[in-house]
Amino acid sequence: MPELVVPTTAVHRSFLDAWDELDESEDRWMGAHAHSPDESWTRSQAADPAEFARMVAAIRRDAHPAAPMPPDIVHQTVLWWVDGDEWLGRLSIRHVLNRFLLEIGGHIGYVVRPSARRRGHATAMLAASLPVAAGLGIERALVTCDTDNVASRKVIQACGGVFEDQRDNKLRFWVPTT
Ligand SMILES: CC(C)(COP(=O)(O)OP(=O)(O)OC[C@H]1O[C@@H](n2cnc3c(N)ncnc32)[C@H](O)[C@@H]1OP(=O)(O)O)[C@@H](O)C(=O)NCCC(=O)NCCS
């Protein structure tokens, strides 16, 4: 059974395999970056076990309320959706909404690796994240998607998302967390 876990070195091989399924323009979907301090990892850097361990530690640090963040960046809890040692996707929960997140980004963002799509993972992953969001004090999570992202819209609505409005090309939904 897949589950949400904090980033772990245990899925190193599978994380790299998932990255190889993406086009270069989609690199950001792997979430190989951290903010405290600001640092990003390329696919080849992440292939090195020591660098991967450093990346995992850095991503986990971003959830810590005491971690210093750059201006306009809020703390976020990143969780990986894994089944055994298989990395299936990831999700991030931003602890508070700044102006950009309130308008466009929302509280929660998610990605499923291409080879695991259309099997219900995103829906299950978002549902599993809601108690975590509640534990962070988020009573209603703002989740947004592009107007043409049919899959993401279905994911949000399956998790109880209530449509508020469209801003730019984003549809904005509020998802109760309890
Ligand atoms: C959007 C995304 C997370 C969906 O992941 P997923 O695991 O395939 O989603 P699910 O399997 O839970 O599918 C949810 C619904 O969307 C539908 N769906 C999935 N992919 C679809 C597609 N390409 N076109 C149309 N519908 C699609 C599913 O059939 C399902 O519909 P149903 O509830 O009527 O059965 C995934 O496609 C992805 O990672 N995309 C790139 C990143 C992204 O867009 N993230 C969201 C940012 S808001």
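Here are some notes:
- Answer from Val56, Val111 - the residue that is buried (at least 21 other Cβ atoms within 10 Å of the Cβ), free of Cβ contacts under 8 Å to residues at least 60 places away in the same chain and β-branched (Val, Ile, Thr): Val56
- Checking the stated criteria, Val96 turns out not to satisfy the condition of being at pLDDT 95 or above, more than 23 Å from Glu164 (Cα to Cα), surrounded by fewer than 22 Cβ atoms within 10 Å (Cβ to Cβ) and aliphatic (A, V, I, L, M).
A quick yes/no check of all residues on (1) in contact (Cβ under 8 Å) with a residue 24 or more places away in the chain; (2) within 16 Å of the ligand (Cβ to nearest atom):
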residue: Asp23; (1), (2): no, yes
residue: Ser40; (1), (2): no, no
residue: Ala46; (1), (2): yes, no
residue: Ala50; (1), (2): no, no
residue: Val74; (1), (2): yes, no
residue: Leu79; (1), (2): yes, yes
residue: His95; (1), (2): yes, no
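- The condition (being surrounded by 13 or more Cβ atoms within 10 Å (Cβ to Cβ), within 16 Å of the ligand (Cβ to nearest atom) and at pLDDT 95 or above) is satisfied by just one residue among Arg167, Arg61, Arg117: Arg117.
- When residues of the range 120-161 are limited to those that are within 16 Å of Gly105 (Cα to Cα) and more than 13 Å from the ligand (Cβ to nearest atom), the one surrounded by the fewest Cβ atoms within 10 Å (Cβ to Cβ): Arg140
- Checking each residue of the range 86-104 against the condition of being within 22 Å of Phe15 (Cα to Cα), assigned to a loop (DSSP other than H, G, I, E, B) and among the charged types (D, E, K, R) gives no match.
The values are calculated or read from the model by the stated rules, or taken from the named source; none is laboratory data. Keep in mind that this is a model prediction, so the values were computed, not measured. All Cβ positions, even for glycine, are placed from backbone atoms using ideal geometry, and neighbour counts span all protein chains on display.
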